[in-house]
């Protein structure tokens, strides 16, 4: 199969935009490998090691982990993926300093970015969505209060883990993360816009309609 036909997609968007959900839909629809940095870091966070405790402290404070660690994770993940299988990147690049290392990793593996989607939602919508979000402490499955979880003390139906609220999913924590997003991640969006690679998607639609809009470009 020609590399030109292999999808290598970047999904960008603020917290709560649903890019993680769209990444999973893309992975299933187009048989792509889903590289999700957040989940990889949360797995590291569980380890009772110096690195695990360091990552836990950074995540719980709503801060970004050192980009060198993100690059290391991406390099390792991409290297083990079949050359005939596409990739959807969810959670990287989040900073300008991650872009060139990502391009270098892709080039080393005979790949290039084919699409960059920016799923847009307002700050108000971000706060509204994340204020209702809960997560399984074991498998990281996300649940929405009132929709998926009536009682916050319920167990995860997938693995039996406790359903909890992330420490940074409070209104104060969300605003702090949005400020960090504007400072560090939005320049990535602007970079790809200037490169004429950015495809804007209205994220304040239903999941199905967002996915439908994305598919128009694939």
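The values are calculated or read from the model by the stated rules, or taken from the named source; none is laboratory data. Please read these numbers as outputs of a predicted model, since none were measured by experiment. We place every Cβ from the backbone using ideal geometry, glycine too, and count neighbours over all the protein chains shown.
Identify, from the list 128, 109, the residue that is surrounded by fewer than 18 Cβ atoms within 10 Å (Cβ to Cβ) and in contact with a helix residue (DSSP H, G or I) (Cβ under 6 Å, 6 or more places away or on another chain). Before you say what the answer is, go through the steps one by one.
On the way: 128 fails: in contact with a helix residue (DSSP H, G or I) (Cβ under 6 Å, 6 or more places away or on another chain).
Step by step, each of 128, 109 is checked, and only 109 is surrounded by fewer than 18 Cβ atoms within 10 Å (Cβ to Cβ) and in contact with a helix residue (DSSP H, G or I) (Cβ under 6 Å, 6 or more places away or on another chain).
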- Item | Residues of the stretch 41-77 classified as in contact (Cβ under 8 Å) with a residue 40 or more places away in the chain and under 23 Å from residue 107 (Cβ atoms), total | 1
- Task: State whether one or more residues within the stretch 154-170 are out of contact with any strand residue (DSSP E or B) (no Cβ under 9 Å at 6 or more places or on another chain), at pLDDT below 80 and closer than 19 Å to residue 19 by Cβ.
- Result: yes
- What are the residues in the stretch 1-29 that are more than 30 Å from residue 124 (Cα to Cα), in contact with a strand residue (DSSP E or B) (Cβ under 8 Å, 6 or more places away or on another chain) and not in a loop (DSSP other than H, G, I, E, B), if any? 8
- Taking residue 77 as meeting all but one of (1) in contact with a strand residue (DSSP E or B) (Cβ under 6 Å, 6 or more places away or on another chain); (2) closer than 23 Å to residue 218 by Cα, write down the number of the exception. (2)
- Determine which single condition residue 48 fails, assuming it passes every other condition in (1) farther than 20 Å from residue 113 by Cβ; (2) in contact with a helix residue (DSSP H, G or I) (Cβ under 8 Å, 6 or more places away or on another chain); (3) outside any helix (DSSP H, G or I). (2)
- Message: Looking at 191, 181 in this structure, which one is over 29 Å from residue 57 (Cα atoms), under 19 Å from the mean Cα position of the chain (by Cα) and assigned to a helix (DSSP H, G or I)?
- Response: 191
- Which listed residue, of 78, 88, is in contact with a helix residue (DSSP H, G or I) (Cβ under 7 Å, 6 or more places away or on another chain), under 26 Å from residue 31 (Cα atoms) and either at pLDDT below 90 or not in a helix (DSSP H, G or I) (or both): 88
